[in-house]
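Working notes, beginning with the structure itself.
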Amino acid sequence: NNNPHTSNEPGSNFGTIGGTPMEEMAIFIGAKAIKILPKFKSLEDRNSKVYWCWPLAILGYLLGPLGCSLWFFFRKMYKKAFLLLGIGFAIELIYELLCIGTQNSALNIFSNYENFVYPALPSLEDFDAAQTMRHLLAELINSGASIASFILCSLFGYNAYKNHCIEKINEYKQTSGDLGFYRFGLASIGGTSGGMLTLGIILVFLVLSIAGAVSGIASAPII
């Protein structure tokens, strides 16, 4: 057999997921394969796209789409990671701009701890219906985006990762001809990336800083 990726390929006798040998999937996934592969198998057996992902649930609950992007950076799914980062940036920017001039602006809250812990009730003469509506709209958009990313990423994250594994393994098969380096190659293109996770964390802080800076510039009085 001259084709290294047919009956002699690693894992060809251990079942498949999406037509891809499970042992190849295990090599590609890396250290957490023993926990992740059963989830992939469950998705396959149920012909489903839904399996709850707790890491994404926690990140999404804490930081919305920005938090979810970190999991995708870690798992080397960069297109989805940058998409979520972009969505998160847009939401943060909209939130900050809508909150300009309102008492509950995120910038004002975090710059005044006492007001955050002991919020002062506005007097009737200070009440501004337009500001209140803008703040409520900002909170609605921010909360809606966080809830949507929390639910959607948590439900469909593992299915996205399964498809990512299958796609990357199949792409690698088209370029790899040396069976002796096949396993090493799979491990190198798969696994996780602590460096990209670190970059993702830096980008999240950068996004939050830029959104806050834009809001500060927009709210500055014109001289």
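A compact table of results
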read-out	value
Karplus 3J(HN,Hα) series, Hz, for the range 48-60 with 6.51 cos²θ - 1.76 cosθ + 1.60 (x for Gly, Pro)	10, 10, 10, 7, 5, 10, 5, x, 5, 4, 5, 5, x
Residue-span extension gain [Glu167 to Asn47] - 0.36 nm each, minus C-alpha spacing	41.4 nm
Accessible-area composition of the range 42-96, carbon plus sulfur, in percent [1.4 Å probe]	69 percent
Cα gyration tensor shape for the range 48-104, rounded if a/c is under 1.5, else prolate or oblate	prolate
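The values are calculated or read from the model by the stated rules, or taken from the named source; none is laboratory data. Nothing here was measured: the structure is a model prediction, and the numbers come from that model. Surface areas here come from the heavy atoms of the whole protein model, side chains and all, with no ligands, DNA or RNA. Shrake-Rupley method; radii C 1.70, N 1.55, O 1.52, S 1.80 Å.
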